[in-house]
Amino acid sequence: PTGDSSVVLQVKEEIIEMKDVFSVKLKRRRFVGQKRGGTLLGITIFKCLHKEENKLTDCAIHLNNLSEDHCHSWFRHLKEILNGFQNRPKSLKVFVNPSSHKREATHVYYEQVAPLFKLADIKTDVTVTEYEGHALSVLKECELQAFDGVVCVGGDGSVSEVAHGLLLKAQIDAGKGTDYIAAPVRAPIPLGVIPAGTTNILAHTVYGIKHAVTATLHIVMGHIQPVDVCTFSTPSKLLRFGFSAMFGFGARTLALAEKHRWMPSNQRKDFAFIKTLADLKPEECELSFLPLQIPQQDSHENDRKKKGKNKKKGSKDQWHKIQGHFLNVSIMAIPCLCSMAPRGLAPNTRLNNGSMALIVVQNTSRTEFIKHLKRYASVKNQFNFPFVETYTVQEVKLQPRLKSGLDDKENTYLNATSAEGNYPWNIDGDLIEEASEVHVRVHPQLINLYGVNTDDLESCKATCNCI
């Protein structure tokens, strides 16, 4: 600082770690309307700050120096250091869904996200989607090697579409067929999620909070989180890449909400929830699942370890089968945190442990089912009911039993089952209708998301409740 010595004595020393810095700029004094040149005053360093409750914010630190040589020298060296950090993107493909939630995604992007990308010298190619499936069609034709990452600004349905498109494009580029994919290839670039929807489950799960600036700074800083992904297939085709799904109550609620798109978002979801609860009926189906095989951990006998691994390959006789009437079936590869379920819809799974949580709610009274649902909003165990069963699995097959001879009232309850006998599925907040058996497989760490690093145990504890 310049000035008398009394000012210098009051200065408090501060240390800045370069890993927390995401931009450095030359600071100049300019006149009104002046866009170039100006008197050089020093440099400004832009830093990412960690606040409480997983929140990230940015702050500017001004370093004053009137020497052109000193300022340019510091500027060049700091830029070299920043350019040396891996995973920090230089170019991003951005999808903005203007219809998400209260139609706020466009405002969120241009007011909160884009300025930070510009500050970090990140080039962006923005597509504002115009219809459902727009992002998917763009991604199929997109040259992904031109970008370091893909970003979606929207709700769970938008994120699901972009994640599906990114992985589908990866299979196409790898020369794989897309009808049925047993062993998919990984997504070549990471996916960033800017929450601008209603529930924002994926954003809550990887950031621990619904906060656009926090999500943006994770992207800017290049924080990479490997995440498991599921494939949802029929015997003849791939339906979707996704992170979670519900069949039964959760799917019926979404199907009814989709038929009332003319209502405001919160109103139609509340209406659909109450109406589905009032008309609560179980689904008759057959569930087959392959439990997660845990290799033996006898450190002093390597041959027993090998036997444990070989046993995993012969998995045909290890399939379990249950059938009956179920109110809801959840299949989730991630914890699925949201404001309505702070512990997560599946708190016993992780983001990248290669397994899925299978949660089966058997037929029970409406009163008992409501008690189960209320537990999600509390710290109590939502699975501690005799009618709820949980499993840790690798694969699931669900076969609905088509009902014949239904009267008109039963056949149209909730207006959710189509005339062809299709059953609704809620896959990451997106409605999929299918009549035949659906086969769900988990694929470990198939995609990288911009988010927390699970090597940091405190971050993991704060965001996914797995510790």
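Determine whether region 351-364 contains at least one residue that is more than 18 Å from L277 (Cα to Cα), aliphatic (A, V, I, L, M) and without any contact (Cβ under 8 Å) to a residue 60 or more places away in the chain.
The first filter runs over region 351-364 and keeps only residues more than 18 Å from L277 (Cα to Cα), leaving 351-359.
Filter once more, so that each one left must be aliphatic (A, V, I, L, M): 351, 356-359.
Pick out the ones that are also without any contact (Cβ under 8 Å) to a residue 60 or more places away in the chain and you get 357, 359.
Yes; the residues of region 351-364 include at least one that is more than 18 Å from L277 (Cα to Cα), aliphatic (A, V, I, L, M) and without any contact (Cβ under 8 Å) to a residue 60 or more places away in the chain.
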Within region 321-350, which residues are modelled with pLDDT of 90 or more and aliphatic (A, V, I, L, M)? I322, L327, V329, I331, M332, A333, I334, L345, A346
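Yes/no per residue for (1) at pLDDT 90 or above; (2) in contact with a Ser or Thr (Cβ under 6 Å, 6 or more places away or on another chain); (3) not assigned by the TED database to the domain that holds D121:
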| position | (1), (2), (3) |
| --- | --- |
| R186 | yes, no, no |
| T198 | no, yes, no |
| T205 | yes, no, no |
| H218 | yes, no, no |
| G222 | yes, no, no |
| F232 | yes, no, yes |
| G250 | yes, no, yes |
Just give me the residues in region 93-110 being over 10 Å from T129 (Cβ atoms), at pLDDT below 90 and either in a helix (DSSP H, G or I) or touching a Gly at 6+ places or on another chain (Cβ under 9 Å) (or both), in sequence order. H101
So for region 353-365 (the condition being loosely packed, with under 15 Cβ neighbours inside 10 Å and modelled with pLDDT of 90 or more), does at least one residue qualify? yes
Among (1) under 27 Å from S436 (Cβ atoms); (2) buried (at least 20 other Cβ atoms within 10 Å of the Cβ), where does P235 come up short? (2)
In region 211-259, the residues that are under 22 Å from L373 (Cβ atoms) and among the aliphatic types (A, V, I, L, M): A245, M246, A251, L254, A255, L256, A257
Long-range neighbours under 9 Å by Cβ, at least six apart or interchain, first residue at positive phi within region 193-216, second part of a helix (DSSP H, G or I) and of a type in the set (D, E): N200/D156
Total residues in region 145-174, condition at pLDDT below 90, over 24 Å from H107 (Cβ atoms) and open to solvent by less than 30 Å² (accessible area, probe 1.4 Å): 0
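State which residue is most open to solvent (accessible area, probe 1.4 Å) when the search covers only region 319-343 and only residues that are outside any strand (DSSP E or B) and out of contact with any strand residue (DSSP E or B) (no Cβ under 8 Å at 6 or more places or on another chain). If you could, list the steps in order and put the result at the bottom.
Pass one, region 319-343, residues outside any strand (DSSP E or B): 319, 333-337, 339-340, 342-343.
Imposing the further condition that a residue be out of contact with any strand residue (DSSP E or B) (no Cβ under 8 Å at 6 or more places or on another chain) reduces the set to 335, 337, 339-340, 342-343.
Values: P335: 0, L337: 14, S339: 89, M340: 116, P342: 67, R343: 70 Å².
Among residues in region 319-343 that are outside any strand (DSSP E or B) and out of contact with any strand residue (DSSP E or B) (no Cβ under 8 Å at 6 or more places or on another chain), the one most open to solvent (accessible area, probe 1.4 Å) is M340.
Out of the residues in region 188-201 that are open to solvent by 10 Å² or more (accessible area, probe 1.4 Å) and of a type in the set (A, V, I, L, M, F, W, C), which is nearest to the chain's Cα centre (by Cα)? Can you show your working first?
Taking region 188-201 first, the residues open to solvent by 10 Å² or more (accessible area, probe 1.4 Å) are 188-190, 198-199, 201.
With the extra rule that they be of a type in the set (A, V, I, L, M, F, W, C), the set shrinks to 189, 201.
Numbers: I189: 15, I201: 6 Å.
My answer is I201.
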Considering region 93-105, residues that are within 18 Å of L136 (Cβ to Cβ) and either among the charged types (D, E, K, R) or open to solvent by less than 60 Å² (accessible area, probe 1.4 Å) (or both), and then whichever is farthest from the chain's Cα centre (by Cα), we arrive at P98
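The values are calculated or read from the model by the stated rules, or taken from the named source; none is laboratory data. The structure displayed is predicted, hence computed values, not measured ones. Heads up, the Cβs are rebuilt from the backbone with ideal geometry, glycines too, and the neighbour counts pull from every protein chain shown. Surface areas here come from the heavy atoms of the whole protein model, side chains and all, with no ligands, DNA or RNA. Shrake-Rupley method; radii C 1.70, N 1.55, O 1.52, S 1.80 Å.
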